[in-house]
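First up is the structure itself, then whatever we jot down about it.
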Amino acid sequence: MTLDPARYFRTLKTLDTFIDRSLELKPKSKFLSGFHYNRDLLKSSVANTYVETVGNRADSLHLAIKKVPVSNIYWEYLETVKILGTKFWLQEKEVVLAFDYTDEDFYGDPQGFWIHGWTGEHGISGKFKFLTCSI
C-alpha cells in the first residue's frame, strides 16, 4: 500500500480547520491555533493517553475549549461531517452511524461540564464522559 502525502496533508488541514473554527482560533497568527494543538492531540490519540502526558500545550488547549460554548464544537463537527460527506458522496450511499460512549476515571476535584461526580471508591472522584460517532 502506497502512502499518499497529499491525502495526509488534506486530513491534517481538515483537522486544523475544525479546531480553529470550533475554538474560534486564528490560523497563522501570533497565537496558538489548530496547527499547534493537533500535534499533541494526535500524539495523545495514538498513545491512548491524556494530552498532558505527551505535550506541553494542554493548559492552553483546555483554556481555549473553556472560552467557547460547547455548541461551537457541536456545530463545527456537523459542518465538517457535511463537507466530508459531500466529498465522499455519502448523501448517495447508505451509511451506518455507530455511537459509543465510555468514561475514564478522574482522581481530582470534579468540576465543570466534562467531569461527572463518582462514588469515591478506589479514590475515583469523577468520570470523564466521551461520546464517539463513527461513519
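Each of THR80, THR2 was scored by other Cβ atoms within 10 Å of its Cβ. Arranged with the fewest first, they read THR2, THR80.
Rounded to the nearest 20 debye, the dipole size of segment 65-135 about its Cα centre is 320 debye, using +1 on the Cβ of Lys and Arg and -1 on the Cβ of Asp and Glu.
Ranked highest first by the average count of other Cβ atoms within 10 Å around their residues, in what order do 88-98, 19-29, 102-112, 61-71 fall?
Numbers: 88-98: 8.6, 19-29: 16.0, 102-112: 11.6, 61-71: 13.3.
Top of the packing list down: 19-29, 61-71, 102-112, 88-98.
A straight chain from GLU92 to HIS62 at 0.36 nm per residue would run longer than the Cα-Cα distance by 7.0 nm.
Around the amide H of GLY126, modelled in the peptide plane, lie the amide H atoms of PHE106, GLY108, TRP118, all under 5 Å away and 5 or more residues distant in sequence or on another chain. Close lysine pairs were tallied over segment 1-81: pairs 8 or more places apart or on different chains with Cα atoms under 19 Å apart number 7. Within the same chain, lysines fewer than 8 places from LYS93 are excluded, and of the rest, those with a Cα less than 17 Å from its Cα are LYS82.
With semi-axes defined as the square roots of five times the eigenvalues of the C-alpha gyration tensor, the equivalent ellipsoid of the chain measures 28, 20, 16 Å, largest first.
Rule-based calculations on the coordinates, nothing more; no lab input. Computed from a predicted structure; not experimentally measured. Virtual Cβ from ideal backbone geometry, glycine too; neighbours counted across all protein chains shown.
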